[in-house]
1. Hey, could you check the range A:61-74 for residues that are of a type in the set (Ser, Thr, Tyr) and part of a strand (DSSP E or B) and say which is farthest from residue A:32 (Cα to Cα)?
2. Under the condition of being buried (at least 19 other Cβ atoms within 10 Å of the Cβ) and not aliphatic (A, V, I, L, M), which residue from the range B:88-103 is nearest to the other protein chains (Cβ to nearest Cβ)?
3. Restricted to the range A:35-49, and to residues that are within 20 Å of residue A:79 (Cβ to Cβ) and in a strand (DSSP E or B), which residue is nearest to the chain's Cα centre (by Cα)?
4. For the range B:58-87, how many residues meet the condition of being within 14 Å of chain A (Cβ to nearest Cβ) and among the aliphatic types (A, V, I, L, M)?
5. From B:84, B:22, which residue is within 25 Å of residue A:41 (Cα to Cα), of a type in the set (D, E, K, R) and more than 13 Å from the chain's Cα centre (by Cα)?
6. For the subset of the range B:12-40 comprising residues that are surrounded by 14 or more Cβ atoms within 10 Å (Cβ to Cβ) and facing chain A (nearest Cβ under 10 Å), which member is farthest from residue B:78 (Cα to Cα)?
7. Give the range B:41-52 a look and list any residue that's of a type outside the set (Gly, Ala, Ser) and at the interface with chain A (Cβ under 7 Å from one of its Cβ atoms), or say none.
8. So, in the range A:75-104, exactly how many residues are in a strand (DSSP E or B) and away from chain B (no Cβ under 14 Å)?
Amino acid sequence: QKEVEQNSGPLSVPEGAIASLNCTYSDRGSQSFFWYRQYSGKSPELIMSIYSNGDKEDGRFTAQLNKASQYVSLLIRDSQPSDSATYLCAVSFGGGFKTIFGAGTRLFVKA
Amino acid sequence: GAGVSQTPSNKVTEKGKYVELRCDPISGHTALYWYRQSLGQGPEFLIYFQGTGAADDSGLPNDRFFAVRPEGSVSTLKIQRTERGDSAVYLCASSAKGWDNEQFFGPGTRLTVL
């Protein structure tokens, strides 16, 4: 059973701080890794994708992937109250496009 | 162009009834996915289409669930003999053919089975 694990939170950070969100996955054959943001009552919105080991930066967001440790993280710099949402980690498995989502981490950014 | 659209946005039905949920993907996207999401959970994979064919339907919970995509664009998720446990938000996503598999979600259909 392929699994994607996230701390459910809530994670609370003050405005302007760095928020660090973590995810582990069970299948070493995983090839593609994604972070989605989901506001309450809305559908998931893609933030970042990462496919190779290391860091990938896009604006205030940095995704980090370590395939040896089966670990992917998302850093949000200069956190804003508008970043308050649930962040979903998603992993696509080798050989196909089946995507497994974690249960999400709730983030609160306090003004 | 337009994003992924789903209809209806809300569906209330009675236990034992049949329902159809529709998804219209982003124009040109060949891959289409169905998920369902319960409160406090991440989206649960149901089925993936590449073109007209179901490439992976391993997430369909039982034979009451069926999905089609006859012309490689619009897809319909069909649920027979609905049960109260089927109540959830049903999400559709599409992605362009390619290795990156970035998926773009529709607004979802909230299904309530009374």
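Any read-out appearing in this document is the output of simple, stated calculations on the displayed coordinates, not a laboratory observation. Computed from a predicted structure; not experimentally measured. Ideal geometry is used to build each Cβ from the backbone, glycine not excepted, and the neighbour counts take in all protein chains shown.
1. Among them, the one singled out is A:62.
2. B:101
3. Among them, the one singled out is A:35.
4. So the answer is 1.
5. B:84
6. Looking at the filtered set, the residue picked out is B:31.
7. B:41, B:43, B:45, B:48 - these are the residues of the range B:41-52 that are of a type outside the set (Gly, Ala, Ser) and at the interface with chain A (Cβ under 7 Å from one of its Cβ atoms).
8. Total satisfying the criteria: 2.
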